[in-house]
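Chemist: Input: one structure, supplied below.
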Amino acid sequence: MGRARIKDFDGRICVVTGAASGIGRAAAIELAGKGARLALCDRNPDALAETARECAARAASGSTAGAATKSFVQAFDITSTEATEAFAAAVFAELGVPEAVFHVAGISIWGAIDVMPQSDWERLIDINLMGTVRVVRAFVPAMISAGRPGALAMVSSAAGLIGMPWHSAYSATKFGVRGIAEVLRFDLESKQISIHVVTPGAVDTPLVKSLEISGVDTSDPAVAKAQQQFSRHAVSPEQAAAKMIAGVTKGKYIIQTSPDIALAFAAQRYFPPAYSLAMRLLNRKLMRVARDAGIDA
Ligand SMILES: NC(=O)c1ccc[n+]([C@@H]2O[C@H](COP(=O)([O-])OP(=O)(O)OC[C@H]3O[C@@H](n4cnc5c(N)ncnc54)[C@H](O)[C@@H]3O)[C@@H](O)[C@H]2O)c1
């Protein structure tokens with residue numbers, strides 16, 4: 001049996017989480033331009049409403065037959081199972097069972113293992129990993145019952161592929177997302193639901209500016225300089241979202257948004273010594289930045 005694939009979004013019901021900012025916002029606007037009927041959520045109601053306005057403008061200026069100028073929006077926190085399930089129920093009632101779910105919402109906290117407090121680990125796991133579990137459990141059973149082709153794209157990270165410095169907690173959540181995907185890609189093949197795991201490298205979004213590093217004053221000039229370097233080789237949220245959406249239509253399982261991460265992941269699998277060297281150099285670089293900023297690393 002051939003693998004199912006969503007090939008276009010015109011008139012299709014699509015859910016986007018984390019739609020108020022960054023990659024989720026850019027994905028919602030691009031999907032609106034492709035004629036999708038959108039259900040958008042985020043914990044930030046004002047910015048979510050702004051995204052919905054931008055989606056309406058993009059849909060109105062497009063020429064797609066199925067374009068709906070009004071998105072269904074609901075603001076809630078994905079740390080609540082009840083609120084996530086209520087959102088899914090409202091989407092089913094307002095629009096119907098979605099054909100595609102783009103789960104983008106997430107946060108980033110880095111930190112050395114001897115510095116990061118338990119509360120940061122728990123917050124990351126609750127939002128990034130359990131948030132994914134809640135979204136998957138709220139939508140996928142209905143998508144299976146609908147019995148038609150569907151797609152589930154989940155945003156992991158480069159940190160869900162490779163071992164970047166000070167990323168142990170963030171990587172735990174993003175490898176976890178990839179773990180869910182790795183199983184569902186086979187479990188759901190016979191149900192016609194394609195699974196996609198997006199693994200961005202640097203993306204220039206508000207997340208980078210609001211990055212938390214446990215025990216580190218991120219306003220320190222040395223840290224700000226490192227952040228600028230990160231932003232310099234970052235892709236835009238629009239580029240990352242476009243890669244995600246195109247990757248779904250092309251039936252890609254792992255969707256890369258930056259060539260450097262694709263290269264590091266290939267090295268990890270096919271040339272491990274080069275991968276280990278690159279990770280060591282990256283680690284040394286971070287330690288240098290930390291020392292320059294007066295951090296005991
Ligand atoms: N920016 C990067 O460099 C980068 C790299 C790799 C992976 N990612 C991943 O991409 C995804 C999107 O990140 P972004 O860079 O667009 O960040 P962003 O901060 O611009 O957007 C994330 C959105 O998720 C929402 N969100 C966060 N926690 C939530 C919660 N508990 N409930 C509901 N909504 C919540 C935020 O309000 C925000 O609107 C995240 O999962 C992130 O881990 C980002």
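The values are calculated or read from the model by the stated rules, or taken from the named source; none is laboratory data. In this text the structure is predicted, and so the values were computed from the model without any measurement. A quick note on method: Cβ atoms are made from the backbone with ideal geometry, for glycine too, and the neighbour counts reach across all protein chains shown.
Chemist: Given the conditions (1) out of contact with any strand residue (DSSP E or B) (no Cβ under 7 Å at 6 or more places or on another chain); (2) over 15 Å from T257 (Cβ atoms); (3) of a type outside the set (V, I, T); (4) part of a helix (DSSP H, G or I), and given that K174 satisfies all but one, which numbered condition is not satisfied?
Modeler: Condition not satisfied by K174: (2).
Chemist: Shifting gears a bit: Considering only residues that are more than 24 Å from V183 (Cβ to Cβ) and without any contact (Cβ under 8 Å) to a residue 60 or more places away in the chain, look in segment 254-265 and name the one that is surrounded by the fewest Cβ atoms within 10 Å (Cβ to Cβ).
Modeler: Among those residues, the one meeting the criterion is P259.
Chemist: I'd like the residue in segment 230-253 that is within 21 Å of L207 (Cβ to Cβ) and loosely packed, with under 13 Cβ neighbours inside 10 Å and, out of all such residues, is farthest from the ligand (Cβ to nearest atom).
Modeler: R232
Chemist: In addition: What's the total number of residues in segment 110-126 that are more than 28 Å from V248 (Cβ to Cβ) and in contact with a strand residue (DSSP E or B) (Cβ under 8 Å, 6 or more places away or on another chain)?
Modeler: Here the count works out to 5.
Chemist: Let me ask you something else. Taking S119 and the conditions (1) surrounded by fewer than 19 Cβ atoms within 10 Å (Cβ to Cβ); (2) small (G, A, S); (3) within 25 Å of V208 (Cα to Cα); (4) within 13 Å of the ligand (Cβ to nearest atom), which numbered condition does it fall short on, given that it satisfies the others?
Modeler: (4)
Chemist: Go through segment 266-285 and count every residue that is buried (at least 18 other Cβ atoms within 10 Å of the Cβ) and in contact (Cβ under 8 Å) with a residue 40 or more places away in the chain.
Modeler: 1
Chemist: Hey, another quick one. Which fully enclosed strands (runs of 3 or more DSSP E) of segment 1-97 have 1 or more residues being of a type in the set (K, R) and touching a residue at least 24 places away in the same chain (Cβ under 8 Å)?
Modeler: Counting at least 1 such residues, we get 37-42.
Chemist: Still on this structure, I have one more. When segment 152-171 is examined, which residues are found to be outside any helix (DSSP H, G or I), in contact (Cβ under 8 Å) with a residue 60 or more places away in the chain and of a type outside the set (F, W, Y)?
Modeler: Selection gives A153, V155, L161, I162, G163, M164, P165.
Chemist: Based on this model, can you work out whether D260 counts as outside any helix (DSSP H, G or I) and farther than 23 Å from A20 by Cβ?
Modeler: Working: outside any helix (DSSP H, G or I): no; farther than 23 Å from A20 by Cβ: yes.
No, not satisfied.
Chemist: Next question, about the same structure. Being more than 14 Å from the ligand (Cβ to nearest atom), in contact with a helix residue (DSSP H, G or I) (Cβ under 7 Å, 6 or more places away or on another chain) and at pLDDT 95 or above is the filter here, so list the residues in segment 164-181 that pass it.
Modeler: Of everything in segment 164-181, nothing turns out to be more than 14 Å from the ligand (Cβ to nearest atom), in contact with a helix residue (DSSP H, G or I) (Cβ under 7 Å, 6 or more places away or on another chain) and at pLDDT 95 or above.
Chemist: Of all residues in segment 134-163, how many are within 13 Å of the ligand (Cβ to nearest atom) and of a type in the set (V, I, T)?
Modeler: 3
Chemist: Please determine, by comparing only the residues of segment 10-36 that are away from the ligand (no atom under 16 Å from the Cβ) and touching an Asp or Glu at 6+ places or on another chain (Cβ under 9 Å), which one is farthest from L95 (Cα to Cα).
Modeler: Filtering first and then ranking leaves K34.
Chemist: Six or more apart or on different chains, Cβ atoms under 9 Å: show the pairs whose first residue is in segment 204-218 and over 16 Å from V289 (Cα atoms) and of a type in the set (D, E) and whose second is modelled with pLDDT of 80 or more and buried (at least 16 other Cβ atoms within 10 Å of the Cβ).
Modeler: Listed by first residue and then by second, the contacts come to D204/G22; D204/A234; D204/V235; D204/P237.
Chemist: Additional query: Quick one: which of I254, I245, I261 is out of contact with any helix residue (DSSP H, G or I) (no Cβ under 7 Å at 6 or more places or on another chain) and within 30 Å of I29 (Cβ to Cβ)?
Modeler: Step by step, each of I254, I245, I261 is checked, and only I254 is out of contact with any helix residue (DSSP H, G or I) (no Cβ under 7 Å at 6 or more places or on another chain) and within 30 Å of I29 (Cβ to Cβ).
Chemist: Continuing with the same structure: Filter segment 192-217 for residues that are in a loop (DSSP other than H, G, I, E, B) and within 14 Å of the ligand (Cβ to nearest atom); which is modelled with the highest pLDDT?
Modeler: Restricting to residues being in a loop (DSSP other than H, G, I, E, B) and within 14 Å of the ligand (Cβ to nearest atom), the top hit is P200.
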